[in-house]
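Below is one structure, written out as structure tokens, with a few remarks after it.
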Amino acid sequence: MKIGIITGGGDAPGLNSVIYGVVRAGLDRFPDCKFIGYKFGYRGMYRNEFKELTRENTSGILHRGGTIIYSSNKDNLFHYPVEENGEIVHRDVSDIAVENLRKEGVDVLVVLGGDGTLSSALEFAKKGVNVIGVPKTIDNDLAATAATFGFNTAVNIVVENLGRLHTTAESHHRVIVVEVMGRDAGWIALHAGIAGSADVILLPEMPYSLEKIAQKVRERESHGKMFTIVVVSESAKEQGGQKVVGRVVDDSPDPIRYGGVAAKLAADLEPLVKNEVRSVNLGHIQRGGEPSAYDRLLSLRYATKAVDLIEQKQFGHMVALWKGQMGAVPLEDVFAGGNKVVQADDELIRVAKGLGISFGI
């Protein structure tokens with residue numbers, strides 16, 4: 001048997017842990033199995049660029065961040081940019097990737113990715129490729145699983161940085177607005193904001209009022225707290241306003257890149273309060289570094305379950321975690337309910353409100 005592995009979309013702590021787990025568990029189950037990792041995700045499948053994955057060259061990667069086979073969030077092989085007659089046009093080149101899989105004798109393709117990567121995985125499954133999906137995103141917004149690896153690490157990184165920002169904010173009596181990732185879901189902001197003792201948490205799901213934020217700052221001042229920490233998700237917006245777009249990447253399947261809401265909010269808020277208001281965008285710091293112990297364990301559980309599915313020939317499925325147990329869902333069901341976003345009645349919303357945290361509403 002030969003198993004191919006790809007890592008697609010944005011990087012996340014835990015990708016190497018899954019690669020490590022699939023190779024180790026796979027060799028335990030199928031001693032003569034071979035593994036290859038396609039470089040830069042689907043682009044590697046199209047160009048037939050890969051590296052052999054062995055027990056030796058995957059040794060020591062369990063704790064490493066990033067991915068040793070690299071990743072790309074631009075390469076949709078069903079709408080891929082190619083040059084024709086001196087112009088760039090988009091073509092479906094997926095059949096070339098399928099032929100490359102056959103040429104290399106790949107029996108199973110294990111796809112590590114989020115919604116975009118797994119959407120393509122579903123299309124490859126329809127073309128007859130034996131696909132197993134493994135959910136990855138620091139945003140934790142895949143509805144078909146309770147948790148995605150990378151999320152816990154990202155939250156921990158934000159919490160650590162909030163602790164550092166607390167001390168400088170208190171020392172200078174400043175309001176500090178901290179922008180975190182999450183795309184259109186506020187899970188990182190919500191979890192990290194509560195655990196990191198934020199005073200205001202602004203979510204994409206709950207458009208904020210600038211005056212309500214200013215009221216919270218003044219309320220803290222009235223209680224002798226002369227500083228305020230605001231955590232804002234990258235796609236949060238003011239009531240009646242628009243999300244702040246940092247840039248547009250035309251050759252990406254998801255061209256919109258959020259960014260800059262913290263700087264905008266700081267500029268808008270400062271005239272309404274006595275404090276100096278500063279902004280910080282944690283950016284890709286949230287994706288980097290070693291995965292947390294939780295994410296390492298979750299990654300290894302996903303990897304082992306993926307090998308179970310291969311052994312059972314349960315292809316066209318994604319490994320999923322529900323009620324503490326590993327299971328699998330058909331790839332076509334992964335996107336049936338849309339992305340998982342924060343609901344107004346979520347328990348953590350109630351917890352935060354009970355602690356006096358404002359959501360700017």
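Among Ile36, Ile88, Ile194, the residue with the largest mean-square fluctuation in a Gaussian network model of the chain, with springs joining Cα atoms closer than 10 Å, is Ile88. Note on Gln215/Asp254: beta-carbon distance plugged into 1/(1 + (r/R0)^6) with R0 of 41 Å gives a FRET efficiency of 0.70. Let me check against my output: what whole-number percent is the relative contact order of the range 184-254, with C-alpha pairs under 8 Å and at least 6 apart? Result for the range 184-254 is 34 percent.
Basic side chains Lys and Arg get +1 at the Cβ, acidic Asp and Glu get -1 at the Cβ, and with that the dipole of the range 48-112 about its Cα centre reaches some 400 debye.
Restricting the trypsin sites (Lys or Arg not before Pro) of the range 28-96 to loop positions (DSSP other than H, G, I, E, B) with no more than 15 neighbouring Cβ atoms within 10 Å leaves Arg55. Listed peptides 292-301, 173-182 appear in the order 173-182, 292-301 once ranked by packing, highest mean of other Cβ atoms within 10 Å at the front. By the gyration tensor of its Cα atoms, with a ≥ b ≥ c the square roots of the eigenvalues, what is the shape of the range 263-308: rounded for a/c under 1.5, prolate for a/b over b/c, or oblate? Judged from the Cα gyration tensor, the range 263-308 comes out prolate (a/c at least 1.5, a/b above b/c). Each Lys and Arg adds +1 at its Cβ and each Asp and Glu adds -1 at its Cβ; summed about the Cα centre, the chain shows a dipole of about 720 debye. A 1.4 Å probe run over the protein chains yields, for the chain, 43 Å² of accessible area per residue, whole-number rounding. Among Ala189, Ala344, Ala328, the largest mean-square fluctuation in a Gaussian network model of the chain (Cα springs under 10 Å) belongs to Ala344. Here the accessible area is traced with a 1.4 Å probe on the protein chains. For the chain, carbon and sulfur cover 48 percent of it. Coupling constants for the range 254-263 follow from the phi torsions by the Karplus curve (6.51 cos²θ - 1.76 cosθ + 1.60, θ = phi - 60°), and in residue order they are 10, x, 7, 10, 6, x, x, 5, 5, 5 Hz; glycine and proline get x.
Could you work out the helix-only [θ] at 222 nm for the chain, with each DSSP H run of four or more residues adding -39,500 (n - 2.57) and the total divided by the number of residues, to the nearest 500 deg cm²/dmol? Theoretical 222 nm ellipticity from helices: -11000 deg cm²/dmol. Here the dipole of the range 22-83 is about 140 debye; that uses its Cα centre as origin and unit charges on the Cβ of Lys and Arg (positive) and Asp and Glu (negative). I'd like the distance between the alpha-carbon centres of the range 280-350 and the range 107-121, rounded to an integer number of Å. Computed from Cα coordinates, the inter-centre distance equals 13 Å. Separation of the range 170-184 and the range 16-75, taken as the distance between their Cα centroids, equals 37 angstrom. Taking all Cα pairs closer than 8 Å and separated by 6 or more residues, the relative contact order of the chain comes to 22 percent. Just checking the listed ones, Asp92, Asp11, Asp184: in the Gaussian network model of the chain with Cα springs under 10 Å, the one fluctuating most is Asp92.
The amide H of Tyr80, built 1.01 Å from its N in the peptide plane, has Arg91, Asp92, Val93 as neighbours under 5 Å, considering only residues 5 or more places off or on other chains.
The values are calculated or read from the model by the stated rules, or taken from the named source; none is laboratory data. Since the model is a prediction, treat every value here as computed from it, not as a measurement. With ideal geometry, Cβ positions are generated from the backbone for all residues, glycine too; neighbour counts draw on all protein chains shown. Accessible surface areas use protein heavy atoms only, side chains included; no ligands, DNA or RNA. Shrake-Rupley method; radii C 1.70, N 1.55, O 1.52, S 1.80 Å.
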